[in-house]
Amino acid sequence: MKSSSVGFPRIGRNRELKFASEKFFKGEIPERELLDTAREIRKCNIVTQKNAGVDLISSNDFSFYDGVLDTAFLFNIVPQRYQDLDLSLLETYFAAARGYQGEKGNVKALPMKKWFNTNYHYIVPEFEDSTTIELVGNKPIEEYLEARALGVETKVQLVGPFTFLKLTKFVGTKRAEDVAEDLAKAYGKLFVELSGAGATKVQLDEPYLVRDLDAADIELFKKIYDIVTTNKSGLKIILQTYFGDIRDIYEEVVALDVESIGLDFIEGRKTLSLLKEKGFPKDKILVAGVVNGKNIWKNNYSKTSEIVKEIASVVSEDRIVIGTSCSLLHVPYTLESETKLPEEYKKHFAFAEEKLLELCDLSNLTDDVLAKNQVLFERRPDSVDEKVQARVAAIKEEDYTRLPSFEEREAIQKEKLGLPLFPTTTIGSFPQTADVRKNRSDFRKGQISKDEYVEFNKKKIAECIRLQEELGLDVLVHGEFERNDMVEYFGEHLSGYVFTEKAWVLSYGTRCVKPPIVWGDVSRREPITVEWSKYAKSCTDKPVKGMLTGPVTILNWSFPREDISIEESIKQIALAIRDEVLDLEANGINIIQIDEAALREKLPLRKSDWYSEYLDFAIPSFRLVHSGVKAETQIHTHMCYSEFTDIIPAIDNMDADVITFEASRSDLQILDALKENHFKTEVGPGVYDIHSPRVPSVDELVGQLSKIREKTEDKKLWVNPDCGLKTRGEEETVKSLRNLVEAAKSIREQV
Ligand code: GLN
Ligand code: ZN
């Protein structure tokens with residue numbers, strides 16, 4: 001059998017793209033140097049995949065910021081306000097991705113959204129009535145030719161037209177249906193050019209097909225693909241789906257005039273049964289996604305070969321291609337960079353590079369390879385902690401409920417905390433400046449003592465508190481200088497986790513995260529954040545908010561175990577964080593924020609599965625964390641992105657006292673929905689976008705707050721940025737927060 005890697009990490013083996021881009025943004029290197037770095041990365045990726053022996057390798061899986069945005073630029077779908085800046089093409093692209101503030105103007109970035117159920121974020125293209133779809137770019141062609149010059153005949157990877165249209169925001173009167181034909185024809189133009197350049201295969205990524213689709217969606221898909229498949233200029237099309245099964249549109253997809261169809265056998269619960277029940281056309285190739293593109297555990301060859309056998313009962317073996325379940329973008333580059341992780345752990349893992357070898361092993365599985373692989377799946381003894389399992393088993397129904405009720409608590413807290421109307425606060429982290437990162441890394445490398453490390457952080461906390469007092473914020477934070485990352489930090493302090501050094505995964509733009517790995521049963525060894533919060537509190541008379549990450553987010557941003565359920569793992573973590581909450585409270589911290597930034601992220605892509613497969617245990621697990629605190633202790637939570645309009649009752653059911661969330665990049669529709677649903681929790685809809693270095697003016701913030709006030713009760717409204725400030729510079733942070741406090745004061749005067 002042949003093998004296919006659906007896409008490869010583009011950030012570079014050692015995050016070269018991140019470092020070069022950030023230097024370019026700061027004006028420290030010229031465009032040329034950034035382009036050179038990018039070319040080196042692409043070259044390395046192609047050669048790595050070729051040397052591993054993979055048959056089908058993608059070109060054009062590279063991007064400077066995001067593949068959806070690339071597609072928009074390729075087809076001239078660029079809002080006028082970015083074109084009006086009159087910048088170079090690359091700079092216009094970055095202006096749309098990150099916002100622009102400079103001599104040529106001042107515009108916000110396009111909104112960003114989670115890419116399906118991953119922690120990757122794409123840029124939402126915007127379609128104006130004046131937009132004319134037209135093939136204007138040649139990135140796919142250039143990258144195809146570049147790979148060919150290395151002696152590798154690649155499949156050219158493209159975001160598929162259906163998924164692209166479904167993810168695009170139409171801001172004028174036109175709708176997806178109105179422009180579908182133009183877009184499909186523009187793909188056709190691209191095919192002409194690709195074919196002219198010598199390309200033979202394109203991979204059209206259509207992950208949107210795994211969502212719930214209605215009749216109109218299916219119509220739209222058919223309309224687009226009618227045109228696409230009649231204009232393929234001799235190219236062979238791989239219609240690639242991932243992140244689930246395509247139960248709503250299976251028949252239509254297999255009937256398409258394409259060469260290959262890629263299906264996900266890892267997350268697609270029904271993929272195998274669809275295949276068996278509905279069959280698969282004899283003349284087509286199946287790219288069987290059996291190597292998990294999202295998790296880092298070694299593939300269980302015996303289980304996989306069972307699946308492949310079942311597939312082979314429907315599709316003849318010469319028509320099966322062994323593939324990854326999705327792009328390998330979602331796993332780290334290589335295990336080879338892990339020098340500290342002991343071999344007995346490492347042997348259980350496969351990152352992107354190692355997954356290439358799995359593809360090759362599986363496409364030609366020998367008894368010997370199979371036997372060696374089987375040894376890895378015997379029980380991992382040090383993963384079991386009976387005490388933890390017993391504690392989870394002993395959780396009682398009442399442990400999931402906090403008393404007294406929200407309304408009673410709200411009154412008690414208003415009285416006790418004495419905060420002004422529209423209290424101002426931040427989401428937790430302050431800029432992670434070079435000295436902050438150096439302190440942590442020096443400590444990690446043993447170059448400074450624990451005392452020196454702690455002293456430095458205390459100095460930072462004291463400065464941060466002084467700054468917040470000076471700015472006039474109402475609820476202060478300690479600044480999170482001890483944390484590399486909101487999940488990894490907790491992982492490091494919990495038993496049952498293992499860590500990596502370089503296992504970075506792209507989150508958005510140039511930002512990467514390093515998810516820790518849940519290895520076994522999880523528990524808390526000792527208090528984690530208490531000393532930092534206590535110290536911060538000792539620096540001020542104002543309330544200081546303790547800062548924790550919630551169990552759902554910790555698990556969602558870790559690589560989870562595959563030998564126990566997600567539910568079981570989340571409950572173990574919830575109990576560990578519960579201990580931390582109670583310790584903070586016992587130490588006088590009476591406002592505690594438990595971030596659930598990633599709660600929405602793992603919502604099943606299909607609505608029908610939302611509660612039964614996720615929310616029914618995720619929400620109670622959150623309550624388990626805080627149900628033990630006193631009425632006067634105020635529990636905050638924070639979620640990135642306000643895309644929870646459809647699960648508002650579930651969010652209210654988290655029973656937090658305050659929730660802060662992103663609302664600055666998207667419009668304020670969420671607030672209407674909160675009102676309609678009689679949302680009881682107090683809210684802090686972020687008033688400015690922290691993903692961009694742009695400083696919002698007082699007027700702009702007052703304007704934003706006035707709009708928010710039209711939709712929210714004054715007594716429930718908090719004022720805050722939309723997320724943590726750790727990625728921002730100090731100067732812009734101080735300016736922005738100063739304006740934020742000013743804006744809050746100004747609206748207080750209007751009441
Ligand atoms: N408390 C975290 C911070 O401020 C929250 C980050 C997040 O939501 N992603 O950085
Ligand atoms: Zn956030």
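Observations on the model:
- The single condition among (1) at pLDDT below 95; (2) within 16 Å of ligand 2 (Cβ to nearest atom); (3) more than 13 Å from Ala743 (Cβ to Cβ) that Ala673 does not satisfy is (2).
- Here Lys602, Lys571 are screened, and the one residue that is in contact with a Pro (Cβ under 8 Å, 6 or more places away or on another chain) and closer than 18 Å to Tyr614 by Cβ is Lys571.
- Reported count of residues in the range 77-105, each being within 28 Å of the chain's Cα centre (by Cα) and surrounded by 14 or more Cβ atoms within 10 Å (Cβ to Cβ), is 17.
- Test: residue in the range 636-653 that is within 16 Å of ligand 1 (Cβ to nearest atom), touching a Pro at 6+ places or on another chain (Cβ under 9 Å) and modelled with pLDDT of 95 or more: no
- Only one entry of Thr154, Thr173 meets the criterion of being β-branched (Val, Ile, Thr) and under 22 Å from Glu219 (Cα atoms), and that entry is Thr173.
- Of all residues in the range 712-735, those that are more than 12 Å from ligand 1 (Cβ to nearest atom) and either closer than 25 Å to Leu674 by Cβ or among the hydrophobic types (A, V, I, L, M, F, W, C) (or both) total 9.
- Residue pairs whose Cβ atoms lie under 6 Å apart, separated by 6 or more positions or on different chains, with the first residue in the range 681-696 and under 12 Å from Ser736 (Cβ atoms) and the second aliphatic (A, V, I, L, M) and in a loop (DSSP other than H, G, I, E, B), are Gly686/Ala663; Ile690/Leu725; Ser692/Ala109.
- The residues of the range 30-76 that are within 24 Å of Val136 (Cβ to Cβ) and touching a strand residue (DSSP E or B) at 6+ places or on another chain (Cβ under 6 Å), listed by number, are Ser58, Ser59, Asn60, Asp61, Asp66, Gly67, Val68, Leu69, Thr71.
- Look at the range 332-352: where a residue is among the polar types (S, T, N, Q) and a partner is surrounded by fewer than 17 Cβ atoms within 10 Å (Cβ to Cβ), sitting 6+ places away or on another chain with Cβ atoms under 7 Å, you get Ser337/Glu501; Thr339/Glu501.
- Within the range 659-698, the set of residues being within 18 Å of Pro431 (Cβ to Cβ) and among the acidic types (Asp, Glu) comprises just one member, Asp689.
- Some residue of the range 453-463 being among the aromatic types (Phe, Trp, Tyr), modelled with pLDDT of 95 or more, assigned to a loop (DSSP other than H, G, I, E, B) and crowded, with 18+ Cβ neighbours inside 10 Å: no
- Candidate set: the range 492-512, residues that are farther than 28 Å from Phe377 by Cα and surrounded by fewer than 24 Cβ atoms within 10 Å (Cβ to Cβ); chosen: the one farthest from the chain's Cα centre (by Cα): Thr510
- Top-ranked residue in the range 598-638 [being within 22 Å of the chain's Cα centre (by Cα) and of a type in the set (Val, Ile, Thr); ranked as nearest to Leu548 (Cα to Cα)]: Thr637
- Subset of the range 397-442 that is among the polar types (S, T, N, Q), under 30 Å from Glu455 (Cβ atoms) and away from ligand 2 (no atom under 16 Å from the Cβ) - its residue that is nearest to the chain's Cα centre (by Cα): Thr433
- Of note, Glu501 satisfies the criterion of being of a type outside the set (Phe, Trp, Tyr) and in contact with an Asp or Glu (Cβ under 9 Å, 6 or more places away or on another chain).
- Residue in the range 288-302 that is closer than 27 Å to Asn117 by Cα, in contact (Cβ under 8 Å) with a residue 12 or more places away in the chain and surrounded by fewer than 17 Cβ atoms within 10 Å (Cβ to Cβ) present: yes
- Tallying residues that are touching a residue at least 60 places away in the same chain (Cβ under 8 Å) and within 19 Å of Leu615 (Cβ to Cβ) within the range 637-680 yields 9.
- Failed condition for Leu467, given (1) of a type outside the set (Lys, Arg); (2) surrounded by fewer than 24 Cβ atoms within 10 Å (Cβ to Cβ); (3) modelled with pLDDT under 95; (4) under 26 Å from His691 (Cβ atoms): (3)
- Flag if Gly446 is in contact with a helix residue (DSSP H, G or I) (Cβ under 6 Å, 6 or more places away or on another chain) and either of a type in the set (Val, Ile, Thr) or at pLDDT 95 or above (or both): no
- Residue that is farthest from ligand 2 (Cβ to nearest atom) [pool: residues in the range 690-733 that are among the β-branched types (Val, Ile, Thr) and within 27 Å of the chain's Cα centre (by Cα)]: Val695
Condition check ((1) charged (D, E, K, R); (2) out of contact with any helix residue (DSSP H, G or I) (no Cβ under 6 Å at 6 or more places or on another chain); (3) in contact (Cβ under 8 Å) with a residue 24 or more places away in the chain) across all residues:
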site: Thr71; (1), (2), (3): no, no, yes
site: Gln80; (1), (2), (3): no, yes, yes
site: Phe94; (1), (2), (3): no, yes, yes
site: Phe116; (1), (2), (3): no, no, yes
site: Glu128; (1), (2), (3): yes, yes, yes
site: Ile133; (1), (2), (3): no, no, yes
site: Lys155; (1), (2), (3): yes, yes, yes
site: Gly160; (1), (2), (3): no, yes, yes
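- On the stretch given as the range 524-582, residues that are within 16 Å of ligand 1 (Cβ to nearest atom), among the hydroxyl-bearing types (Ser, Thr, Tyr) and in contact (Cβ under 8 Å) with a residue 60 or more places away in the chain total 3.
- Flag for Glu181 being assigned to a loop (DSSP other than H, G, I, E, B), acidic (Asp, Glu) and surrounded by fewer than 19 Cβ atoms within 10 Å (Cβ to Cβ): no
- Residue that is surrounded by the most Cβ atoms within 10 Å (Cβ to Cβ) [pool: residues in the range 598-617 that are within 16 Å of ligand 2 (Cβ to nearest atom) and in a loop (DSSP other than H, G, I, E, B)]: Leu599
- Hey, Ile570 of a type in the set (A, V, I, L, M, F, W, C), more than 16 Å from ligand 2 (Cβ to nearest atom) and out of contact with any Ser or Thr (no Cβ under 9 Å at 6 or more places or on another chain) or not: no
- Candidates in the range 736-751 are the residues that are β-branched (Val, Ile, Thr) and modelled with pLDDT of 95 or more; of these, the one that is farthest from ligand 1 (Cβ to nearest atom) is Ile747.
Yes or no, residue by residue, for (1) surrounded by fewer than 20 Cβ atoms within 10 Å (Cβ to Cβ); (2) among the aliphatic types (A, V, I, L, M); (3) touching a Ser or Thr at 6+ places or on another chain (Cβ under 6 Å); (4) without any contact (Cβ under 8 Å) to a residue 60 or more places away in the chain:
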| residue | (1), (2), (3), (4) |
| --- | --- |
| Ala20 | no, yes, yes, yes |
| Phe25 | yes, no, no, no |
| Glu33 | yes, no, no, yes |
| Ile41 | no, yes, no, yes |
| Cys44 | yes, no, no, yes |
| Val47 | yes, yes, no, no |
| Asn51 | yes, no, no, yes |
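The values are calculated or read from the model by the stated rules, or taken from the named source; none is laboratory data. Remember, predicted model here, so these are calculated numbers, not experimental data. Positions of Cβ are backbone-derived with ideal geometry, glycine not excepted, and every protein chain shown enters the neighbour counts.
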